[in-house]
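Engineer: Okay, here's the structure, questions in a sec.
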Amino acid sequence: MSLEKCDLAIVGSGLTGMSAALAAYGRNPDQIIKIFGIPFDSNTAKKGEIENIPGVKKVVGVDYIQQIITQIENLNAEFAKEDEPNKIEFINEDVTSIAKNVTHFQLITDSRNIEAKAVIISSGLPELKHTIRGEDKFVHKGVSHCAVCDGALFRGRKVAIIGEGNFVARGALFLRKYCRNVTVICPNPTLDADNRFLKKLSKSQNVSFKYSIDLETVEIFGSQIVEGLRFQKDGENRELTINAVFVELKDKPDLTFLKDISLDITENGYIIKNAKNATNVEGIFTAGSISGEMEYIPILMGDGYKAGISVTDYLKK
Ligand SMILES: Cc1cc2nc3c(=O)[nH]c(=O)nc-3n(C[C@H](O)[C@H](O)[C@H](O)COP(=O)(O)OP(=O)(O)OC[C@H]3O[C@@H](n4cnc5c(N)ncnc54)[C@H](O)[C@@H]3O)c2cc1C
């Protein structure tokens, strides 16, 4: 593995990370920025339509991500000098470890070894998998972790979606267009989603809700493919006949690639940052959902942008 160098490494190429790259580049177009991860693996890319970005018409997430990639590529082309590498380089690989040396950070991926003067961590929140009984057995046989990606495959069928929050509300709104019947299995007494989604859901004849379900009592069953769901409600055993289950639970931040860095984190595992997005480790900044920001795209983009500005000012010093 040859050693590559850059000024700024951004770990995570979702909206937050790409916003940080745009801001850092704008603040100082002479710096070399490397942005790690797969943009189309981000939550925004995978999750259907976005309709809350001020001044932007309803846009499909994957198209929006493509627009930002194109924007970055255009900047590279516009300011490129002959024989010089791109100022912002996408590295479509996950970072597996980060270590701090005296003058720089060392980032490792499966095929690259990179030195960076500063780092922004914007690697988002992973999906929570392997939690529901039967989930692993029926993956691709009726169990999916993305309603928007796979929902249309179950046109005319009965389905359930497990989880809470805006993304489950959005998933249920998507599924109701295709599926005969959608049951939302929510672990809490309310869905805790925005009213704009709840109003639409309450008018949907083919969507029903089961609240306060202890997920430990839920079991997906079938012989070859999913045939149903068992769970307990108010101490009684219940059973639904369904053809598919969308498990849309969010995990805590995955910090395994940061095990060699002593970052301060909250008791729930989110990275702690100050008002300029700096962490307790000099040279490491953070932004987005991994730092506990509210999961709204405009907020996350602004947070990434702020981190990009702050890290560039830090590097200038
Ligand atoms: C179903 C659903 C619908 C939603 N709808 C809306 C909506 O309409 N409006 C709205 O405002 N918000 C919406 N959200 C919320 C929003 O999409 C997310 O909160 C947002 O995408 C999080 O951004 P992020 O950049 O923090 O993380 P992510 O988008 O998850 O991006 C993180 C990136 O980091 C990468 N990564 C992870 N680990 C590593 C590593 N070790 N090395 C390198 N890269 C790594 C990941 O692959 C990913 O590409 C929705 C979310 C869901 C799930």
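No value in this document is a laboratory result; all are computed from the given coordinates. Keep in mind that this is a model prediction, so the values were computed, not measured. Cβ atoms come from the backbone with ideal geometry, glycine included; neighbour counts cover every protein chain shown.
Engineer: Sort 234, 192 so the one with the fewest other Cβ atoms within 10 Å of its own Cβ comes first.
Structural biologist: Ascending number of Cβ neighbours within 10 Å: 234, 192.
Engineer: Long-range amide H contacts for residue 227: which residues qualify at under 5 Å (H placed 1.01 Å from N, peptide plane, sequence gap of 5 or more or a different chain)?
Structural biologist: Residues meeting the criterion, in which the H sits 1.01 Å from N, are 221, 222.
Engineer: Also, I was wondering about something else. Scan around residue 233 for amide H atoms under 5 Å from its own, H built in the peptide plane at 1.01 Å from N, and keep only partners 5 or more places away or cross-chain.
Structural biologist: Those qualifying (amide H under 5 Å, at least 5 residues apart or on another chain) are 238.
Engineer: For region 51-126, how big is the tail of P(r) above 18 Å, as a whole percent of Cα pairs?
Structural biologist: I get 61 percent for the Cα pairs in region 51-126 exceeding 18 Å.
Engineer: Per DSSP H run of n ≥ 4, the term is -39500 (n - 2.57); total these for the chain, divide by its residue number, and report the mean residue ellipticity at 222 nm rounded to 500 deg cm²/dmol.
Structural biologist: It comes out at -8000 deg cm²/dmol, rounded to the nearest 500.
Engineer: Which of 177/252; 129/177; 57/177; 137/233; 158/252 have a Cα-Cα distance over 28 Å?
Structural biologist: Too far apart for the 28 Å limit: 177/252; 158/252.
Engineer: Just to check I understand the Karplus step: with θ = phi - 60° and J = 6.51 cos²θ - 1.76 cosθ + 1.60, what whole-Hz values come out for region 147-160, glycine and proline as x?
Structural biologist: 4, 5, 6, 10, x, 5, 5, 10, 3, x, 9, 9, 9, 10
Engineer: Under a straight-distance cross-link criterion of Cα-Cα below 19 Å, which aspartates and glutamates are reachable from residue 316, leaving out those fewer than 8 residues away in the same chain?
Structural biologist: Of all the aspartates and glutamates, those that pass the test against residue 316 - Cα under 19 Å, at least 8 places apart if same chain - are 7, 30, 115, 282.
Engineer: Going by how many other beta carbons lie within 10 Å of each one, how would you line up 313, 110, fewest first?
Structural biologist: On the way: 313 13, 110 9.
Exposure proxy ranking, most exposed first: 110, 313.
Engineer: In what order do 250, 58, 233 fall by count of nearby beta-carbon atoms within 10 Å, going from fewest to most?
Structural biologist: In order of increasing Cβ crowding within 10 Å: 58, 233, 250.
Engineer: Right, next: Using only the alpha-carbon atoms of the chain, report the extent along each of the three principal axes, biggest first, to the nearest angstrom.
Structural biologist: 64, 40, 36
Engineer: From the cross-link list 5/100; 46/203; 5/259; 46/306, which pairs have alpha carbons spaced over 19 Å apart?
Structural biologist: 46/203; 5/259; 46/306
Engineer: Now a separate question. Any chance you could check the Cα centroid distance between region 206-241 and region 125-166 for me, in angstrom?
Structural biologist: Cα centroid to Cα centroid, the span is 13 Å.
Engineer: Principal axes first, then extents: for the Cα atoms of region 127-250, list largest minus smallest coordinate on each axis, whole Å, largest first.
Structural biologist: Ordered largest first, region 127-250 gives principal extents of 38, 33, 26 Å.
Engineer: Further question: Mind jotting down the distance between the C-alpha centroids of region 270-317 and region 30-103, whole Å?
Structural biologist: Cα centroid of region 30-103 versus Cα centroid of region 270-317: 16 Å apart.
Engineer: Can you tell me what share of the DSSP beta bridges in the chain is antiparallel? A percent to the nearest 5 is fine.
Structural biologist: 40 percent
Engineer: Aspartates and glutamates near residue 276 by alpha-carbon distance under 17 Å, same-chain residues fewer than 8 away left out - which ones?
Structural biologist: 264, 293, 303, 313
Engineer: On a 0 to 90 degree scale, rounded to 10, what angle separates helix 61-79 from the longest Cα axis of the chain?
Structural biologist: The angle comes out near 10 degrees.
Engineer: Now a separate question. Two decimals is fine: what's Rg over Rh for region 15-160, C-alpha atoms, Kirkwood radius as Rh?
Structural biologist: Rounded to two decimals, Rg/Rh equals 1.05.
Engineer: For region 111-268, what proportion of DSSP beta bridges, expressed in % and rounded to the nearest 5, is antiparallel?
Structural biologist: For region 111-268, the DSSP antiparallel bridge percentage is about 40.
Engineer: Quick one: putting +1 on the C-beta of Lys and Arg, -1 on the C-beta of Asp and Glu, what dipole do you get for the chain around its Cα centre, in Debye to the nearest 20?
Structural biologist: That gives a dipole near 1180 debye.
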